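Student: Following this message is one structure expressed as structure tokens.
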Amino acid sequence: EDTTINRENNRFSNEWAYQQKKIQENAAGLPKGHSAYVTTGVAFGIDGNPIACRDFKVGEQNSGYFKYGFHYSVGYEYVLPYSSLLVGLNNINFYGSTNVGNIPIGLDLHSFNPHFGLVYSDKREIMKCRAGIGYGFLKDRNGTLNLNEGVSNSNYVNGWSIMYDIVAMYRLNDKFGLGINCGGFGWQGSHGAPSMRADINYMFLGLIADFRF
């Protein structure tokens, strides 16, 4: 009795076929599924932020700054089905050297960061925007800071971290992609006492290789 034709949801109409084709094309363009990646590059210290500070003497606090360091990370990501949302986990590693109160130190930082983000794709070109909060461990390679003195025999200091970055990548084929990765990273912990803080803040620029499976 109803003579109105529903063209949008009618499987036999041209409108329905056109909409389904658009949905399939959009889904095919997304870097869907699972992927693993590795990044490597240079870290640039942010002026005005100490790489480390500690009370070497009562009432005296020393701080140091670094200009360059080495940054690399490995990670895993999953793009949610039929969406531009991604979730993942990465391990960020930093190596740098500086002086704190005329004392040379070499710092290693290792951080694990759950993260989320958005992914955009236009056939072979891919762009990702990501951010996350994690937990990391700082070590003085030279052993001059006596990290965690009076608390334990460990040479590591633990603390919270934050990361954010942008990825611009070109997909070589269905599995592999190469691109540029840039962003920022910050970490803050304590040297065995709340007044003995250590901070690391830097920007980084490097390359990224991505494998989808």
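The values are calculated or read from the model by the stated rules, or taken from the named source; none is laboratory data. All values derive from a computational prediction rather than experimental measurement. Cβ atoms come from the backbone with ideal geometry, glycine included; neighbour counts cover every protein chain shown. We work out accessible area using only protein heavy atoms, side chains counted, and drop any ligands, DNA or RNA first. Shrake-Rupley method; radii C 1.70, N 1.55, O 1.52, S 1.80 Å.
Student: In segment 103-113, is there at least one residue being in a strand (DSSP E or B), charged (D, E, K, R), in contact (Cβ under 8 Å) with a residue 24 or more places away in the chain and farther than 16 Å from ALA36 by Cα? Give the derivation first.
Tutor: From segment 103-113, those in a strand (DSSP E or B) are 103-113; that's our starting set.
Among the residues that remain, those that are also charged (D, E, K, R) are: 108.
Right, trim to in contact (Cβ under 8 Å) with a residue 24 or more places away in the chain and you get 108.
From the residues that got through so far, the ones that are farther than 16 Å from ALA36 by Cα too are 108.
Yes; the residues of segment 103-113 include at least one that is in a strand (DSSP E or B), charged (D, E, K, R), in contact (Cβ under 8 Å) with a residue 24 or more places away in the chain and farther than 16 Å from ALA36 by Cα.
Student: I need the full set of residues from segment 159-189 which are modelled with pLDDT under 90, in a strand (DSSP E or B) and open to solvent by 50 Å² or more (accessible area, probe 1.4 Å), in order please.
Tutor: GLN188
Student: So, of the residues in segment 33-83 that are basic (Lys, Arg) and at pLDDT below 55, which turns out to be farthest from TYR120 (Cα to Cα)?
Tutor: LYS57
Student: Here's something else I'd like to know. Would you be able to say whether some residue in segment 117-129 is free of Cβ contacts under 8 Å to residues at least 24 places away in the same chain and open to solvent by 20 Å² or more (accessible area, probe 1.4 Å)?
Tutor: No: segment 117-129 contains no residue that is free of Cβ contacts under 8 Å to residues at least 24 places away in the same chain and open to solvent by 20 Å² or more (accessible area, probe 1.4 Å).
Student: Given the conditions (1) exposed (fewer than 14 other Cβ atoms within 10 Å of the Cβ); (2) over 28 Å from LYS123 (Cα atoms); (3) at pLDDT 90 or above, report the number of the one that ALA193 does not fulfil.
Tutor: (3)
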